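Q: Next up is a structure, given as structure tokens.
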Amino acid sequence: MKIVKASEWKPRESNKQDNRAILSTVQSIIAQVREKKDEALFSYTKELDGAILDTLLVTEDEKTKAWQQVDTTFIEALQKAADRIRMFHEKERRGSWWNMENDGSILGQIIRPLDRVGIYVPGGRAAYPSSVLMNAIPAIVAGVEDIVMVTPPDKNGSIPATTLVAAKIAGIDQIYKVGGAQAIAALAYGTESIIQVDKIVGPGNQYVALAKQLVYGQVDIDSIAGPSEVVVIADNNANPAYVAADLLAQAEHDPDAAAILLTSSKQLAERVAGEVEKQLANLERVEIATESLESNGAIVLTEGIKEAVELSNQIAPEHLELMVENPWELLGLIRHAGAVFLGSMSAETVGDYMAGPSHVLPTSGTARFSSALSVDTFIKKTSLISYSKTALQQDAKHIITLAEQEGLGAHAASIRIRMEDEA
Ligand code: NAD
């Protein structure tokens, strides 16, 4: 891994994909699904996934077989993870509130879950059972009643057993074999088989991401996930083997993933570089990790810990590890990060699978303005206003002034008429 001085290094620009080349394809898929509904879904699934299906809905028989196909150790691990994710998100749930003012009026907010949510689970080249839990459980804890999962089938028309088992553990019944932009269009507009939802969450490839952007407004979406990234801030006390292992855990995701170490210790920098070389050789995904480290990885030498923190705040990383002697002291200086991992035992992988917070986090610098997927992702707030006669009498003249200033006479009149009745 290259070691560079902070003064000679620049964080990469936000890694937004250029989607122009696939725009017309995705627009056409959405239009076809709106017009031909299920017929279009069957046709795209045949064309793009190579599967000829009779029905899109995963059957109970398929779910039972999936359960029998996986190891009990895998089921145990998923159940443990599900419990942890549920417990964390239970703490996050918030209730409606209202407040009686001195003048007798009541103001507040009613918090309700969304009615229907669609979860996209990527298929294609790999299965992501942990993503099923991390997207679905916060929605279930929020109280969403109708959760629909979509995921592309393989060419035999099957969904990976691990995905189906994860769905069962999360508590999702409705699973449809459809992926890509056509799945997003189906969730946004509804088809004979798939109910129209209010919000679509979950990661996917560029077809999925662009389709989500295009249907936004018709439905809500969570975010557009970019390549994953980790920043590690480490001092001389950090274990170089741990730091290297965590950088590699990030790099193995994807050639576009970014793994960055910020440190003021030249000695640590050199030892981590050596460890990366050593550990890389034993990785199964050595090619992906090597490409990621060469294109987007760096060990950056800063003047001190403060400069490391400033750089990290500029990057606003999805994951931030603080491998320093007193991580809690540094925490107050961290302004932007999707999730912060404190201390040498808090490997990012703990958060990817088990700790409890959803691993769906803001990427590509969007931690400047957005947050992890959570219970809040699946609720909406309705404002509650119940004015008393005294309150209206007190405020009437100000309301009328503001309405007239904006040239909205009917607004002013709706208050005056009440005041005249009082007279
Ligand atoms: P996917 O399910 O996102 O996409 C597969 C679908 O893409 C296919 O079913 C097909 O409909 C569509 N497609 C493929 N080629 C097409 C073409 N030429 N024209 C039209 N549609 C086409 O699965 P994937 O491709 O393996 O991608 C998964 C993505 O999800 C990866 O980028 C991975 O990094 C990401 N991911 C992110 C997270 C996270 O938490 N951020 C987690 C898991 C996966």
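Derivation of every value follows stated rules applied to the coordinates shown; laboratory data play no part. Predicted model only: the values in this text are computed from it and were never measured. Quick reminder, even Gly has a Cβ in these numbers, built from the backbone with ideal geometry, and neighbours come from all protein chains shown.
Q: How would the stretch 20-221 be classified by its alpha-carbon gyration tensor: rounded, prolate or oblate, with rounded meaning a/c under 1.5 and the a/b versus b/c comparison settling the rest?
A: Here the stretch 20-221 falls in the oblate category.
Q: What net charge is computed for the residues neighbouring Met354, neighbours being all others with C-beta under 9 Å from the C-beta of Met354, Lys and Arg scored +1, Asp and Glu -1?
A: +1
Q: Okay, moving on. Taking every DSSP beta bridge that has both residues in the chain, what percent is antiparallel when rounded to the nearest 5?
A: 25
Q: Give me the dipole magnitude in Debye, nearest 20, for the stretch 165-303 about the Cα centre, with unit charges on the beta carbon: positive for Lys and Arg, negative for Asp and Glu.
A: It comes to approximately 300 debye.
Q: To continue, here is another question. Test of understanding: ordering Asp103, Asp352, Asp421 by Cβ neighbours within 10 Å, fewest first, what list do you get?
A: Fewest-to-most Cβ neighbours within 10 Å comes out as Asp421, Asp103, Asp352.
Q: Going by a ≥ b ≥ c, the root eigenvalues of the Cα gyration tensor, does the stretch 109-181 fall in the rounded group (a/c under 1.5), the prolate group (a/b larger than b/c) or the oblate group?
A: Cα axes put the stretch 109-181 in the prolate bin.
Q: Using alpha carbons only, how many angstrom separate the centre of the stretch 248-271 from the centre of the stretch 353-423?
A: Going from one Cα centre to the other spans 45 Å.
Q: Could you state the per residue volume, in Å³, of the convex hull enclosing the Cα atoms of the chain?
A: Enclosed volume per residue, from the Cα hull, is 201 Å³.
Q: So, one more: Rank these for me by crowding, Met345, Met134, Met87, Met1, going from fewest to most other beta carbons within 10 Å.
A: Met345, Met87, Met1, Met134
Q: Let me ask another. Give the whole-number value, in cubic angstrom per residue, of the convex hull volume spanned by the C-alpha atoms of the stretch 321-423.
A: Considering the Cα atoms of the stretch 321-423, their hull volume per residue is 205 Å³.
Q: Among the listed pairs Lys46/Lys212; Lys91/Lys380; Lys37/Lys381; Lys65/Lys155, give every one whose C-alpha distance is greater than 24 Å.
A: Lys37/Lys381
Q: If you line up the long axis of helix 180-189 against the longest principal axis of the chain, both from Cα atoms, how many degrees apart are they, to the nearest 10?
A: 10
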